[in-house]
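Worksheet: the structure to be examined is printed underneath.
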Amino acid sequence: MTDNTENEAGTPLQTPGAGQFTLEQIYLKDCSFESPLTPGAFTEQYQPELNINIQTRVNGLVSRPEAREVILTTTVDARLEEEQSLFLAEVHMAALVTVNDIPDEQRLLGARVPEMLFPYLREAVSDLVVRGGFMPLMLQPMDFDAIYEQQAAQHPQPQPAQPLDG
């Protein structure tokens, strides 16, 4: 028995009896950077405390019920003290995907697609921080499967995709 895994660009990945998944587009949905202490932040050496928050969200599209927008968001807050923010960076990296008859669609959208988006998110955050005049910030790899399992245990009912007019 052989599986044909060769795939031309743009051709959906199909496994007999297992549905269809197409990664249509990866894009930067939103980003922002604030550095309220500049230019004074560059006159001294600081060891900021980093607070990093990463979240995922899945939106449906009203015009295409088989399509989903998966958004991986991170917020990085580098603080010197409780009330002093050295910089605040936020990046929303997204993917437009099509899913048809995937057996574990929730895992695909909640773990696999964010896993695909993470390298793009990590690069965008590092680039944004460097353009702000600071040293590169390398987000550490994440186990999206473990995060998905943890969230699934806390919320046993699958959350439906939020429809968008997009």
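Taken together, the values in this text are just the output of simple stated rules run on the coordinates, not laboratory data. These figures come from a predicted structure and were not determined experimentally. No Cβ is skipped: glycine too gets one built from the backbone with ideal geometry, and neighbour counts run over all protein chains shown.
Assorted remarks:
- P(r) tail for the stretch 19-155: Cα pairs beyond 19 Å make up 55% of the total.
- In the stretch 12-84, the ratio of gyration radius to Kirkwood radius, Rg to Rh, stands at 1.22 when only Cα atoms are counted.
- Ranked R68, R112, R79, criterion: other C-beta atoms within 10 Å, fewest first: R79, R112, R68
- Residue by residue, the stretch 135-145 carries 3J(HN,Hα) couplings of 5, x, 10, 9, 5, 6, x, 10, 9, 5, 4 Hz when phi is fed to the Karplus relation 6.51 cos²θ - 1.76 cosθ + 1.60 (θ = phi - 60°); x denotes Gly or Pro.
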